[in-house]
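> Take this structure first; my questions come after.
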Amino acid sequence: MSGKIGRIGIIGAGQMGSGIAHVAALADYDVCLYDVSAERIEAGIATISGNMARQVSSGKLEDKQRQKALSRITPAASFEELADVDLVIEAATEDETIKRKIFAQLCPALNPEALIATNTSSISITRLAAQTDRPERFIGIHFMNPVPVMKLVEVVRGIATEDTTFEAAKAFVTSLDKTITVAEDFPAFIVNRILLPMINEAIYTLYEGVGTVEAIDTAMKLGANHPMGPLQLADFIGLDTCLSIMQVLYEGLADSKYRPCPLLVKYVEAGWLGRKTGRGFYDYRGDQPIPTR
Ligand SMILES: NC(=O)c1ccc[n+]([C@@H]2O[C@H](COP(=O)([O-])OP(=O)(O)OC[C@H]3O[C@@H](n4cnc5c(N)ncnc54)[C@H](O)[C@@H]3O)[C@@H](O)[C@H]2O)c1
């Protein structure tokens, strides 16, 4: 990347893509938001608008800033509309096949100078980079959920990532007022290498009947001073994402200690993916979350 990053493309308008669009637009970047359908993009923009409105009510943002930031976000109906972006951040579903297909279709549409970043929580940056026409301009920029609130961003280089890409990625993250931690390209990097086995163990604890959902979450909130219980946190991350990360750890490190809990698999098979689908270890469809076990 020779010039400065001004315009960015985001692939995936879910929890993370919309969060990244939110912080980037507030930092004066023009954002093109792409997803599989216009409805998903509209839903993502509605979430951003609602979250920014909350920031206005709590005095963190002026309404003028909110309106200006929202006007910077435009929906993209095809990859061709990303032809003039300086950086693309891929934040689609945590599934390597989906990500591979995206890169195969995306690369021919992009400016050859554009950088590509992935927000993957666990998948090898080197392997994803190899699916593109520019492994030297490919990098992992791993935001935390919810993006507007969480300070940390992990930056992960693939084997071929050039120094200029690394420097541009760090400058971009710093411009969003986030703190960088650099992780090596190993399965699930730093945060999820440590966090997900803990969440998986909490699910085993539930599966083996050691405690109820409430008992486990209360134990870890009050006994380990965690702001959220591990099952509440799993629902917040998305149980499909939790399962994918455990599978990447299990396969990537070839160690049985990472085997995903069968109860996690069952919830995902039921489509109970946590907050985003209204039900996971808690049922969110009423006024108050109710444990489902
Ligand atoms: N949830 C978390 O806590 C968290 C934290 C950090 C990173 N991540 C990573 O961010 C990425 C997205 O996670 P999320 O929580 O936002 O998931 P999500 O389910 O909320 O959103 C995923 C979005 O990707 C879209 N999508 C699927 N296939 C697509 C395609 N072919 N083209 C364009 N869009 C497509 C879906 O329609 C959906 O809107 C994953 O790689 C995940 O591992 C998640």
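The values are calculated or read from the model by the stated rules, or taken from the named source; none is laboratory data. Keep in mind that this is a model prediction, so the values were computed, not measured. Note that we place each Cβ from the backbone using ideal geometry, even for glycine, and neighbour counts take in every protein chain shown. Side chains included, ligands, DNA and RNA excluded: accessible areas come from the protein's heavy atoms. Shrake-Rupley method; radii C 1.70, N 1.55, O 1.52, S 1.80 Å.
> Check off (1) open to solvent by less than 10 Å² (accessible area, probe 1.4 Å); (2) modelled with pLDDT of 95 or more for SER71 and give me the number that stays unchecked.
Among (1) open to solvent by less than 10 Å² (accessible area, probe 1.4 Å); (2) modelled with pLDDT of 95 or more, the lone unmet condition for SER71 is (1).
> Follow-up. Quick check: is even one residue across the range 59-66 assigned to a loop (DSSP other than H, G, I, E, B), acidic (Asp, Glu) and under 16 Å from TYR29 (Cα atoms)?
Taking the range 59-66 and keeping what is assigned to a loop (DSSP other than H, G, I, E, B), we get 59-62.
When the remaining residues are screened for being acidic (Asp, Glu), the result is 62.
Now drop any that are not under 16 Å from TYR29 (Cα atoms), which leaves none.
No, that holds for no residue.
> Looking at (1) of a type in the set (A, V, I, L, M, F, W, C); (2) open to solvent by 10 Å² or more (accessible area, probe 1.4 Å); (3) outside any loop (DSSP other than H, G, I, E, B), can you tell me which one VAL210 breaks?
With (1) of a type in the set (A, V, I, L, M, F, W, C); (2) open to solvent by 10 Å² or more (accessible area, probe 1.4 Å); (3) outside any loop (DSSP other than H, G, I, E, B) applied to VAL210, the lone miss is (3).
> Separate question: Just wondering, is there one or more residues in the range 132-146 that are more than 13 Å from the ligand (Cβ to nearest atom) and touching a residue at least 40 places away in the same chain (Cβ under 8 Å)?
Pass one, the range 132-146, residues more than 13 Å from the ligand (Cβ to nearest atom): 132-139.
Retained after the next criterion (residues that are touching a residue at least 40 places away in the same chain (Cβ under 8 Å)): 137.
Yes; the residues of the range 132-146 include at least one that is more than 13 Å from the ligand (Cβ to nearest atom) and touching a residue at least 40 places away in the same chain (Cβ under 8 Å).
> If only one of THR174, THR164 is more than 15 Å from the ligand (Cβ to nearest atom), assigned to a helix (DSSP H, G or I), open to solvent by 10 Å² or more (accessible area, probe 1.4 Å) and without any contact (Cβ under 8 Å) to a residue 24 or more places away in the chain, which one is it?
THR174
> Now for a separate question. I'd like to check something: does the range 4-14 contain any residue that is at pLDDT 95 or above, farther than 20 Å from GLU80 by Cα and in the same structural domain as LEU115 (by TED's automatic domain parsing)?
The answer is yes, given that some residue of the range 4-14 is at pLDDT 95 or above, farther than 20 Å from GLU80 by Cα and in the same structural domain as LEU115 (by TED's automatic domain parsing).
> Can you tell me which residue within the range 252-293, out of those that are open to solvent by 70 Å² or more (accessible area, probe 1.4 Å) and assigned to a loop (DSSP other than H, G, I, E, B), is farthest from VAL213 (Cα to Cα)?
Per the stated criteria, the residue is ALA254.
> Just name the residue that is surrounded by the fewest Cβ atoms within 10 Å (Cβ to Cβ) out of those in the range 182-195 that are in contact (Cβ under 8 Å) with a residue 60 or more places away in the chain and on the phi < 0 side of the Ramachandran plot. So that I can check it myself, show each step before the final result.
The initial filter retains those residues of the range 182-195 that are in contact (Cβ under 8 Å) with a residue 60 or more places away in the chain, namely 185-189, 192.
Subset that is on the phi < 0 side of the Ramachandran plot: 185-187, 192.
Values: ASP185: 19, PHE186: 15, PRO187: 19, ASN192: 25.
The selected residue is PHE186.
> Would you confirm whether any residue within the range 236-245 is surrounded by fewer than 14 Cβ atoms within 10 Å (Cβ to Cβ) and either at negative phi or touching a residue at least 60 places away in the same chain (Cβ under 8 Å) (or both)? Lay out the reasoning, then the answer.
If we filter the range 236-245 for residues that are surrounded by fewer than 14 Cβ atoms within 10 Å (Cβ to Cβ), which is where we start, we get none.
Within the range 236-245, none of the residues are surrounded by fewer than 14 Cβ atoms within 10 Å (Cβ to Cβ) and either at negative phi or touching a residue at least 60 places away in the same chain (Cβ under 8 Å) (or both).
> Return yes when LEU110 is touching a residue at least 12 places away in the same chain (Cβ under 8 Å), buried (at least 22 other Cβ atoms within 10 Å of the Cβ) and farther than 30 Å from PRO227 by Cα and no when it is not. Please lay out each step first, then the result.
On the way: touching a residue at least 12 places away in the same chain (Cβ under 8 Å): yes; buried (at least 22 other Cβ atoms within 10 Å of the Cβ): yes; farther than 30 Å from PRO227 by Cα: yes.
Against the criterion (touching a residue at least 12 places away in the same chain (Cβ under 8 Å), buried (at least 22 other Cβ atoms within 10 Å of the Cβ) and farther than 30 Å from PRO227 by Cα), LEU110 qualifies.
> A further question follows. Run down LEU152, LEU115 and say which single residue is more than 14 Å from the chain's Cα centre (by Cα) and either buried (at least 18 other Cβ atoms within 10 Å of the Cβ) or at pLDDT 95 or above (or both). Outline the logic, then answer.
Details: LEU152 fails: more than 14 Å from the chain's Cα centre (by Cα).
Going through LEU152, LEU115 in turn, just one is more than 14 Å from the chain's Cα centre (by Cα) and either buried (at least 18 other Cβ atoms within 10 Å of the Cβ) or at pLDDT 95 or above (or both): LEU115.
> How about the range 1-22: which of its residues are within 15 Å of the ligand (Cβ to nearest atom), surrounded by fewer than 24 Cβ atoms within 10 Å (Cβ to Cβ) and closer than 20 Å to LYS68 by Cβ?
none
> Then there is this: Just the residues that are away from the ligand (no atom under 11 Å from the Cβ) and either part of a strand (DSSP E or B) or open to solvent by 30 Å² or more (accessible area, probe 1.4 Å) (or both), please, taken from the range 27-41.
In the first step, residues of the range 27-41 are kept if they are away from the ligand (no atom under 11 Å from the Cβ); the result is 27-32, 38.
Correct list: ALA27, ASP28, ASP30, VAL31, CYS32, ALA38.
> Checking the structure you have, find out if any residue of the range 228-243 is under 16 Å from ASP95 (Cα atoms) and among the polar types (S, T, N, Q). Write out each step before concluding.
Within the range 228-243, the first condition is being under 16 Å from ASP95 (Cα atoms), and the residues that meet it are 237-243.
In the following step, the residues that additionally are among the polar types (S, T, N, Q) were identified as 241.
For the range 228-243, residues under 16 Å from ASP95 (Cα atoms) and among the polar types (S, T, N, Q): present.
> Yes or no: VAL213 under 21 Å from the mean Cα position of the chain (by Cα) and away from the ligand (no atom under 16 Å from the Cβ)? Spell out the reasoning first.
On the way: under 21 Å from the mean Cα position of the chain (by Cα): no; away from the ligand (no atom under 16 Å from the Cβ): yes.
Judged against the criteria, VAL213 is not a match.
> Scanning the range 44-68 for residues that are surrounded by 15 or more Cβ atoms within 10 Å (Cβ to Cβ) and among the small types (Gly, Ala, Ser), which turns out nearest to the ligand (Cβ to nearest atom)?
GLY44
> Which residues, taken from the range 20-43, are in contact with a strand residue (DSSP E or B) (Cβ under 7 Å, 6 or more places away or on another chain) and more than 17 Å from ASP86 (Cα to Cα)? Walk me through it before giving the result.
Quick first cut of the range 20-43, residues in contact with a strand residue (DSSP E or B) (Cβ under 7 Å, 6 or more places away or on another chain) only: 20-21, 24-25, 29-34, 38, 41.
If the condition is that a residue be in contact with a strand residue (DSSP E or B) (Cβ under 7 Å, 6 or more places away or on another chain) and more than 17 Å from ASP86 (Cα to Cα), then ALA38, ILE41 are the ones that fit.
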